[in-house]
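Structure, as structure tokens:
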Amino acid sequence: MNQQQKLILNYPLFDGEKVIENASVVVENSAITAVNSNVSTDSDHLLMPGLIDAHTHLGTKEQVQTMLQNGVSTACDVAAPDSLIRSTDPFTIISSAGMTMGTWNGKSYVNNAIKNGAKYIKVLLMEPNLMLKGVLKDICNTAHRNGLKVAVHATSVKAVKMAVDCRADILLHVPMKETFPKELAETIAEKGIVVVPTLIMMEAFAVSRRNGYRSDHYFHAEAAVKQLHKCGVTILAGTDANPGSYAPAVAYGTSMHREMELLVKAGLAPVEVLAGATGKTAEVFNITNTGTVKAGKRAILVLVKGRPDKKITDTINIKQIWIDGNPILR
């Protein structure tokens, strides 16, 4: 953005936390300099932060570009190549620098991940070969001593219980082949553990019937989210976007909009879903420069036609995206 230019956007605003009906967002020198209220706005649009996908598998610049064109400006990724992470600006990749399901030395695994640039730690808990509980405890304790959170892939109640017992911070996915216990949801809420259910991936497994899943299994995933939400658990929007090499393919970018729709169908209010795709995810993953629309933040903004704070499917109607104050859609 030219340093002499000033961008003033007068629209109803979802700032990553709440809706401001009569907002004016002022952008100068690539940053938001002010958010004012009590102005005349176009009530048929909504301005909001760039979306954050809380769980992806990125590998190419084309995938990143597709996400950006769909309003997703940040991704919490498992194992993107260093070369991709360094070359995607202004898109931001928050990487776990890999994942493990079979290490025998939790401390060493975490320390190596940190050396490789990990911003959080990813662990796979997959039956029938669950990691030793002592190793997972070491991973969580070592990560916490280093100021990092631990995200655990857990698709069975047994795996979820183990992750909860070991003080994991983030649960990825929800069980589909069994009922999610109310008592476990209550414990997750009490411990402040966050859940990224990736309902679009669970839907993909149910449709494809891979790994022994059936179409009727999706009911359990949706019911789990309803139970978790009812208990007060923070739920983030993540897609598990991937090219289909290890699981059913989930499209980059567009899947984020479908995930938000599924979360609303599972009982979340549209504003809760928007928060779980922006400000809440930024808070959980310690993303400091985006996720909310406040003075001092980078000017990463998405304008949609419609009111997704009332009708979540309107998020797909993107009219413009600004990155550091520069429009990227023609």
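Taking all protein chains as shown and a probe of 1.4 angstrom, ILE323 keeps an accessible surface of around 10 Å². Heavy-atom surface analysis with a 1.4 Å probe gives the range 64-148 a carbon and sulfur content of 49 percent of its accessible area.
Based on the mean of other beta carbon atoms within 10 Å per residue, what is the order of 19-28, 154-163, most packed first?
Taking the mean over residues of other Cβ atoms within 10 Å, the ranking is 154-163, 19-28.
Under 14 Å from a label point set 7 Å out along the Cα-to-Cβ vector of ASN211, the amide N atoms of the range 156-177 belong to 156-160, 172-177. Neighbours of SER87, meaning other residues whose beta-carbon lies under 15 angstrom from its beta-carbon, give a summed charge of -2 when Lys and Arg score +1 and Asp and Glu score -1.
Once the mean of 1/r is taken over each pair of separate Cα atoms and inverted, the range 25-149 shows a Kirkwood hydrodynamic radius of 17.1 Å. Computed packing ranks the peptides 74-80, 136-142, 36-42 as 74-80, 136-142, 36-42, most packed first, by mean other Cβ atoms within 10 Å. Packing, as the average of other Cβ atoms within 10 Å across residues, places the peptides 251-257, 289-295 in the order 251-257, 289-295, highest first. Under 16 Å from the 7 Å Cα→Cβ point of THR313, by amide nitrogen: which residues of the range 169-201? Within reach of a label on THR313: no residues. For the chain, relative contact order (Cα pairs under 8 Å, six or more residues apart, normalised by length) works out to 21 percent. Per-residue ellipticity at 222 nm computed for the chain from its helices equals -9000 deg cm²/dmol, with DSSP H segments shorter than 4 residues left out and the rest contributing -39,500 (n - 2.57). The Cα-based radius of gyration of the chain, divided by its Kirkwood radius, gives an Rg/Rh of 0.97. Among beta bridges from DSSP that stay inside the range 82-230, the antiparallel ones total about 0%.
Computing FRET efficiency as 1/(1 + (r/R0)^6) for THR179 and LYS294, where r is the C-beta to C-beta distance and R0 is 41 Å, gives about 0.50. The equivalent ellipsoid of the range 78-158 has semi-axes of 24, 14, 10 Å, largest first, where each one is the square root of 5 times an eigenvalue of the Cα gyration tensor.
Take the Cα radius of gyration of the range 145-252 and divide it by 2.2 N^0.38 Å, N being the number of residues; the result is 1.04. Cross-link reach is defined here as a Cα-Cα straight distance under 19 Å, omitting same-chain residues fewer than 8 places apart; for LYS6 the lysines meeting it are LYS294, LYS297. The Cα trace of the range 244-300 gives Rg and Dmax of 13.8, 42 Å, the first to one decimal, the second as a whole number. Given the C-alpha centroids of the range 41-100 and the range 147-218, what is the distance between them in whole angstrom? One Cα centre to the other: 23 Å. Other residues lying with their Cβ under 14 Å from the Cβ of ALA97 contribute a combined charge of +3, Lys and Arg counting +1, Asp and Glu -1.
What you get for the chain, charging only the Cβ of Lys and Arg (+1) and of Asp and Glu (-1), is a dipole of about 500 debye around the Cα centre. Remark on HIS55: its backbone amide H falls under 5 Å from those of CYS76, THR239, ASP240, a criterion applied only to residues 5 or more positions apart or on other chains, H modelled at 1.01 Å from N. Checking the Cα-Cα distances for LYS137/LYS191; LYS137/LYS230; LYS115/LYS149 against a 20 Å cut-off, the pairs over it are LYS137/LYS230.
In a fully extended conformation the segment linking LYS18 and TYR246 would gain 78.3 nm over its present Cα-Cα distance, using 0.36 nm per residue.
Length available on full extension from ASP324 to ARG86: 0.36 nm per residue minus the Cα-Cα distance, which gives 83.9 nm. Taking a sphere under 14 Å around the Cβ of ARG210 and counting the other residues whose Cβ falls inside, with K and R at +1 and D and E at -1, yields a net charge of +1.
The values are calculated or read from the model by the stated rules, or taken from the named source; none is laboratory data. This one's a predicted model, so the numbers in the text were calculated from it and none came from an experiment. In this analysis, Cβ positions are derived from the backbone assuming ideal geometry, glycine residues included, and neighbour counts consider all displayed protein chains. Each accessible area value is taken on the protein alone, full model and side chains, heavy atoms only, with ligands, DNA and RNA left out. Shrake-Rupley method; radii C 1.70, N 1.55, O 1.52, S 1.80 Å.
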